[in-house]
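K.L.:
I'd like to ask you about the structure that follows.
Read-outs throughout are calculated quantities, based only on the coordinates presented, and are distinct from any laboratory measurement. Worth saying up front: this structure is predicted, and the values here are computed from it rather than measured. Ideal geometry is used to build each Cβ from the backbone, glycine not excepted, and the neighbour counts take in all protein chains shown.
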Amino acid sequence: MEFKKIHEDKRGFIYAINGLLEGGKEFAFLEVKKGYARGGCFHSKDENLAVVNGKIKLILGEQEKIISQGESMLIPAKVPHAFIGMEDSIVAEWGITTQEKQVDIKNPELREKVDELNNSN
């Protein structure tokens, strides 16, 4: 098993744990600083999300929901999603492979909202 930082920018870091889940599925920790957003995409398979610390606004298709520390959600396949840090937060994501994540499909409308929010900070 390997714990590796795979990305860092003004929104925070992303760490992946390789070898934890079967079938090459990725388990990642994402930092989302207050006021910043991540996502704007959808995947071909279901993905899981849990807030380890903090609070986020999850945009899931046409719905928005506040998810707090200790809460989790299933992100259904083919549903555009993004999340915004309502406070500095750590989010765990798992359930799809790194290869599946690399070919995810950006949702132009939601991705534009994510980029606008991140560019305003």
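K.L.:
Just need the relative contact order of the chain here, percent rounded to a whole number, with Cα pairs under 8 Å and 6+ apart. Numbers along the way, then the final one.
P.N.:
Numbers: 306 pairs, mean separation 36.9, N = 121.
Computed over the chain, the figure is 31 percent.
K.L.:
While we're on this one: Under a Cβ-only charge scheme (Lys and Arg +1, Asp and Glu -1), can you give me the dipole magnitude of the chain about the Cα centre, in debye to the nearest 20? Walk me through the intermediate numbers first.
P.N.:
On the way: 17 positive and 20 negative charges, 29 e Å.
My answer is approximately 140 debye.
K.L.:
To the nearest Å, what is the center-to-center distance of region 25-67 and region 74-94, using C-alpha atoms only?
P.N.:
The distance from the Cα centre of region 25-67 to that of region 74-94 comes to 1 Å.
K.L.:
I would also like to ask the following. Which three numbers, in whole Å and largest first, are the semi-axes of the equivalent ellipsoid of the chain derived from its Cα gyration tensor as √(5λ)?
P.N.:
Taking √(5λ) for each Cα gyration eigenvalue gives 20, 17, 14 Å.
K.L.:
A further question on this structure: Rounded to the nearest 20 Debye, what is the dipole magnitude of region 1-60 about its Cα centre when Lys and Arg each give +1 and Asp and Glu each give -1 at the C-beta? Don't skip to the end; give the middle numbers.
P.N.:
Numbers: 11 positive and 8 negative charges, 83 e Å.
Using Cβ point charges on Lys, Arg, Asp and Glu, region 1-60 gives about 400 debye.
K.L.:
Still on this structure: Give the residue from Ile84, Leu49, Met1 lying farthest towards the positive end of the charge dipole for the chain; charges sit on Cβ (+1 for Lys and Arg, -1 for Asp and Glu) and the dipole is referred to the Cα centre.
P.N.:
The residue sitting farthest along the positive end of the dipole is Ile84.
K.L.:
Under the 0.36 nm per residue contour assumption, what length would be gained going from the current alpha-carbon distance of Lys34 and Ser68 to full extension?
P.N.:
10.9 nm
K.L.:
Now for a separate question. Per residue of region 77-82, in order, report the coupling 6.51 cos²θ - 1.76 cosθ + 1.60 (Karplus, θ = phi - 60°) as ³J(HN,Hα) in whole Hz, putting x for Gly and Pro.
P.N.:
Here the 3J(HN,Hα) series is 4, 6, 10, x, 8, 7 Hz.
K.L.:
Test of understanding: what is the full-extension gain from Val103 to Phe3, defined as 0.36 nm times their sequence separation minus their Cα-Cα distance? Working shown, then result.
P.N.:
Values: separation 100, 0.36 × 100 = 36.00 nm, distance 2.23 nm.
Once the chain is fully extended between Val103 and Phe3, it gains 33.8 nm.
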